[in-house]
Structure formats: C-alpha cells, structure tokens
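Contents: one structure, followed by commentary.
The values are calculated or read from the model by the stated rules, or taken from the named source; none is laboratory data. Predicted, not measured: the structure shown is a model, and the values here were computed from it. Cβ coordinates were reconstructed from backbone atoms using ideal geometry, including for glycine residues, and neighbour counts include every protein chain displayed.
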Amino acid sequence: MKNIIFWLIIFAAVGIRAVYFHQIKDDFLFKTPIIDAKYYNDWAVEIAKGDWLGAKRGVFMMSPGYSYFLAGVYKIWGIDVKAAVLVQFALGLFTGLLVYLITKKLISTSGGLFAMALFLFYGPELFYESVLVKTSLINFVNMLALYLLIVGAGLEYLISGMLLGFSAHLRPSVLLFVPVALVWLYSEKDIKKAILFAAGILILLLPVGIRNYKVGGEFIMTTAHGGMNFFTGNSKYCLGPYTPMPFARTDPEVEQQDFLNEASRLSGKKLTPQESSAFWYAEAFKFIKQYPDRWGRLVWKKTLIFFNSYEPPINLDYYFFKSEYKSVLSAPLPGYGEILALGVLGAFAAPFSFLLAGYGFVCFLSGIIFFVVSEYRYPFVPVLCIYSGVFLASLIHIYLKKGVSAKLLSLCAMAILFIWLANYDIYASVFNFGNYKRSNLANSYFGMGVTYSDAGMEKEAVKAYEKALSIMPQAGPMVNLATIYEKHGDIEGAQKLYERALSIHPNSTEALNNLGGIFYRKKDYKSAEMCYTRAVMLNPNMEQAKKNLELTKKAMNIK
C-alpha cells in the first residue's frame, strides 16, 4: 500500500508541475528574468558563451554557483529559460524524494510519505522552481549532501563535502553547518570520514580562492560580500525585516559596488572587496557593542519573522507572482505557517537526530545572524516538512490504534493553535508596520512596470505603475509614470505626479530634476533653479542636475 501511495504522490507532483508550466510558459514575467534572476541569467549567458573565468568581474561579489549551474544547462540545451525551469522542476522532484529517504532512514516510512507530499506540493517550492534564482537548487544540493552523510560508508563523505562546497558557492552561510557535521563524524570514531568530508569541501572552495587571487589579488574562497550582508541585518538602518541601505541601490549589478564605494568614502581610502567586507563587519560589530539593547530587540524581531508564515521578499515577491500568474499557485497549497506549526509539534514526537537538528539550527542561526527573507529562510523548509510528516503520521497512527481519542483531539487542537500563531500578522500588530505587505506588493508592480518599460511595452508599463499606485502611493511609480506623461506631451499631468511624488518622498532627486525640467520649459526659471539646487545638494554627483542648473542660471543671467 505504501508503494502505491509513494507513486501516487510522485505522479501527482509531476502532474501539478506540468500544469503549472503550461500555465506560465508564455507569460512575459516567466520569459523575462528580473532583478537577481536577470543578474544570474546574464552572467550565465556570458559563461556559456566562453567566459568561464569571469575575469572582468574581479573578485566574486555575488555567489557564482547558480550562474555556473545555469551556464551548464545552457551549454547542453541552449540559452532558454524554459530549459532551466524544467531542469529545476526535475531537481525539485528529486529533492522531495530525498526528503522522503531522509525521513524514512531516520524516523519512519509513513512520516516520509507525508513529508515528501508536503514538500512537493508546498506553494513556494513550485514558485522557486519556476524562477531563475538559486533557492530551490540550494535545497536539492543540501538535502543530497545530508542524505549522503547519513547513509555514507566511504566515498559518500567526500561527495557530501563536495556538495556542501558547491552549496557555499550558492550561499556561503551553509559553511556554518560544517562544524556540526564534523562533530557528528568525529563521534563516529572514524577520523577518515571527517578527513574525506573536509577534503570534499576544500576541493570546491580552493579553485575559487585561486581564481579570486588570480583576477583580483585576494584569496577569498567564496565571495567578498559577507560583511555587507551582516551590516544590512545588524545596523541602525535595519528595522527587523530586510531593509535596503540608504546609500546602496537594490539592483545586484550595482549594489555591491555601492557598498564598496561607501566603505571607501567612510574610511577615507580606496578599499578592495575583501577590505570592504571587513569594514562592514567592523561597522556592524560597532553597532552591536554601542547599542546592545537595540540589537537585542532587532534579534527578537528577526526571530519572530523567521517563525511567521509571511514570505518576506528581498526582490521576487511570492504573493505578486501568485496573483499575476493565475496558476496553480492560487490553489490552497501548504504554506510556511502550516508546515512550521506541524513541524514544531513533530520535532517533539520524532526521535532526536543530531545531524537533522543541527542543520535546522544552522538554518535558523544564519537568518538571525544576517537577515530573514523568504529565500534565505528556505533551506529550513525541508526540515519542517520532515517533522511535519512525522507529526501527521503520528496522528494517523493514534487514530488507527485508538480512534477519535482525547489524545488525538488535543494534538489536533494544538496544531490549529500553532497554525493560528504562525499566521498572526506580526508586521502590523507587533512591529507596527501596517503598510509593510502592501508596500512589498506595490514595489513588485513597480518593478514589473520598469521591466515592461525596458522592453518597450509602454502601455503595459503604465498599467503596472497604476496598479502599484492603487495598492500604495509611492514616489517611484509616480516619477516613472510622470516621465511617460511628459514624453507624450501631458506636461500638466506629469507636473502633478512629480509634485505628488515629492510630497511623499521630498528627497527624490529624480523627481526634483524632472520637475525642474518642466518649470524650465514653462520659463519658470526661479522654480527650476530651486529644484535643481536641491537635487544637487542631495546628490552632489548627479551630473544631469548640475548641467540643468547651469543652463537655468544662464537663462536667468546669473553668473
């Protein structure tokens, strides 16, 4: 019977992915990678076309693993988003299988079946498999490494280490798990296993260190952005949820350089990537030392976020795609709140596994050390599915043995309570960020509008900007929409939008510069001068505003 259930789950998981792929494969958002997905895709295309060393990128500032993975897919099947997503669908299925095998090995077959089903039908899993980000690949690599550690007899330990080494090139925080694994291997009383495991990791880390030294003069075995991420999650600017830094743009093409430039400015000397990372680590520790109470509250906020159902975005918003795709994502699929609640209960029912518990703790720790967003929290999901599966299997066992008993009802009541707690809106009720979720959704439509604009699809861009504004008035979409109005001669409409944008964000240099242009066209030079002067004061490096200010002064006969 269990074999039949196993294959029914597999066939259903394949089926839902086939339906989902058919629903989204022709969608503009599917075919047009944005933000991080665009960065990884563009880099992968460069690699696939022959730039395997990536010398022009210097020392790696963004984790290279996913782009090299994509490049491998592109070399085999051609440069095609569809091919990459189909490969990720297949790896997602294998990850579900690994979740089953780990649960079966450590706990029970019944628990493994539930765990596999929860993982394969988990809404965000389907989403992350369908976009060009590293999230789903990380889970496949980490679960395979964990499984090989559990069943290893020799060479498996070397391969497990190599997999974790590769995972470090997807997200370096996985290296926090290495001491846990080494302690477990040491407890096995066979030093050879630990040596093989460590050797496997170094086999994948050393080449990147050598490459970074060759192209950038710094021996860094992963990337040089650890300090930037640490500061982002541990500074006066961090509000609890992920908070963009005021001096850095969120576009991955320029964000790391912005951090580097700011570190050089504050330190008074030109820094290298490694020095910049060290600088930001030092700045974060300075904040922690100076404001321990404030930092403690920040850690508490991040803990609450980690154990809350909402999927906080860093660039790709799950809820935005769920709304826009009109796909199976809109079905009542399991979410983080459900597997979190069931997983916590299941952890108490399951026999203790040092490796599994250690891996789960490292997932939590890495979020608290840096910052908590859906993508960074995601490696915790397979662990929750495993323990959720164990809990559901225990409910079935109790029912088959005792029927509807007091124990069964109390456990079900606890599950309902925990699900309610996990779904509690902490952002509005605890953090007093009532607009946080709306702001994220509005930002996604704003980004969609920018993507349409870049593709020359102006009508679609206007609709996206208007949708963003209908959700929540923000300066960014207003400025872009005003630019389109101005382009088509609606000067009055553009002026109103620029002025409205400045009422929301008075320091928007783009709005000030553009509004100054409208005043200049109306020969209202005094108002134009005021706009340009303020823009230059806010951003002394804004060359366009400087030039416009000079032209305005000439028109006013001001020397």
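Starting from the stretch 93-107, keep only residues that are without any contact (Cβ under 8 Å) to a residue 12 or more places away in the chain, then list their pairs with residues that are not in a helix (DSSP H, G or I) whose Cβ atoms are within a distance under 8 Å, requiring at least 6 positions of separation or different chains.
none
Quick check on the stretch 271-291. Is at least one of its residues more than 19 Å from the chain's Cα centre (by Cα), of a type in the set (D, E, K, R) and at pLDDT below 90?
Looking for residues that are more than 19 Å from the chain's Cα centre (by Cα), of a type in the set (D, E, K, R) and at pLDDT below 90, one finds at least one in the stretch 271-291, hence yes.
Could you grab the pairs with beta carbons closer than 7 Å, sequence gap of 6+ or different chains, first residue in the stretch 291-309 and of a type in the set (D, E, K, R), second one surrounded by fewer than 19 Cβ atoms within 10 Å (Cβ to Cβ) and assigned to a loop (DSSP other than H, G, I, E, B)?
Correct list of pairs: LYS301/PHE431.
Whether any residue in the stretch 235-255 is within 22 Å of ALA168 (Cα to Cα) and in a helix (DSSP H, G or I) is what I want to check.
yes
Could you identify the single residue in TYR100, TYR128 that is part of a helix (DSSP H, G or I), under 24 Å from HIS225 (Cβ atoms) and aromatic (Phe, Trp, Tyr)?
Residue meeting the stated conditions: TYR128.
Could you look through the stretch 499-514, keep only residues that are among the small types (Gly, Ala, Ser) and assigned to a helix (DSSP H, G or I), and pick out the one that is farthest from the chain's Cα centre (by Cα)?
SER503
Considering only residues that are among the polar types (S, T, N, Q) and touching a residue at least 24 places away in the same chain (Cβ under 8 Å), look in the stretch 443-476 and name the one that is nearest to ILE34 (Cα to Cα).
THR451
Among the residues of the stretch 365-407, which ones are touching a Phe, Trp or Tyr at 6+ places or on another chain (Cβ under 6 Å) and among the aliphatic types (A, V, I, L, M)?
Across the stretch 365-407, the qualifying residues are VAL372, VAL373, LEU392, ALA393.
Any residue in the stretch 399-428 that is assigned to a loop (DSSP other than H, G, I, E, B) sitting within a Cβ distance under 6 Å of a residue that is surrounded by 15 or more Cβ atoms within 10 Å (Cβ to Cβ)? List the pairs, counting only those 6 or more apart or interchain.
Taking only residues 6 or more apart or on different chains, the pairs are ASN423/SER309; ASN423/GLY337.
Have a look at ALA263, ALA284 and point out the one that is surrounded by 19 or more Cβ atoms within 10 Å (Cβ to Cβ) and touching a Leu at 6+ places or on another chain (Cβ under 6 Å).
Being surrounded by 19 or more Cβ atoms within 10 Å (Cβ to Cβ) and touching a Leu at 6+ places or on another chain (Cβ under 6 Å) holds for just one of ALA263, ALA284, which is ALA263.
Kindly check whether there is at least one residue in the stretch 514-536 that is loosely packed, with under 15 Cβ neighbours inside 10 Å, within 30 Å of TYR436 (Cα to Cα), assigned by TED's automatic domain parsing to the domain that holds PHE446 and not charged (D, E, K, R).
No, every residue in the stretch 514-536 fails to be loosely packed, with under 15 Cβ neighbours inside 10 Å, within 30 Å of TYR436 (Cα to Cα), assigned by TED's automatic domain parsing to the domain that holds PHE446 and not charged (D, E, K, R).
Can you report the number of residues in the stretch 47-67 which are surrounded by fewer than 18 Cβ atoms within 10 Å (Cβ to Cβ) and at pLDDT 90 or above?
Of the residues in the stretch 47-67, 0 are surrounded by fewer than 18 Cβ atoms within 10 Å (Cβ to Cβ) and at pLDDT 90 or above.
Does the stretch 179-190 contain at least one residue that is within 26 Å of TYR66 (Cα to Cα), more than 18 Å from the chain's Cα centre (by Cα), modelled with pLDDT under 85 and assigned to a helix (DSSP H, G or I)?
Scanning the stretch 179-190, I find no residue that is within 26 Å of TYR66 (Cα to Cα), more than 18 Å from the chain's Cα centre (by Cα), modelled with pLDDT under 85 and assigned to a helix (DSSP H, G or I), so the answer is no.
So the check is Cβ under 8 Å with 6+ separation or different chains; which pairs have a first residue in the stretch 124-135 that's in the same structural domain as TYR66 (by TED's automatic domain parsing) and a second one that's assigned to a loop (DSSP other than H, G, I, E, B) and not small (Gly, Ala, Ser)?
Filtered contacts from the stretch 124-135: PRO124/GLU311; LEU126/LEU333; VAL131/PRO33; VAL131/LEU316; LEU132/PRO33; VAL133/LEU316; LYS134/LEU170; LYS134/ARG171.
Can LEU149 be described as in contact with an Asp or Glu (Cβ under 8 Å, 6 or more places away or on another chain) and closer than 17 Å to PHE361 by Cβ?
yes
On the given criteria, is LEU266 of a type in the set (A, V, I, L, M), in a helix (DSSP H, G or I) and in contact with a Gly (Cβ under 7 Å, 6 or more places away or on another chain)?
So LEU266 does not fit the description; no.
Among the residues of the stretch 176-201, which ones are exposed (fewer than 15 other Cβ atoms within 10 Å of the Cβ) and under 30 Å from ALA55 (Cβ atoms)?
Answer for the stretch 176-201, where residues must be exposed (fewer than 15 other Cβ atoms within 10 Å of the Cβ) and under 30 Å from ALA55 (Cβ atoms): just ALA199.
So how many residues does the stretch 416-467 have that are among the aromatic types (Phe, Trp, Tyr) and touching a Pro at 6+ places or on another chain (Cβ under 6 Å)?
Final tally of qualifying residues: 2.
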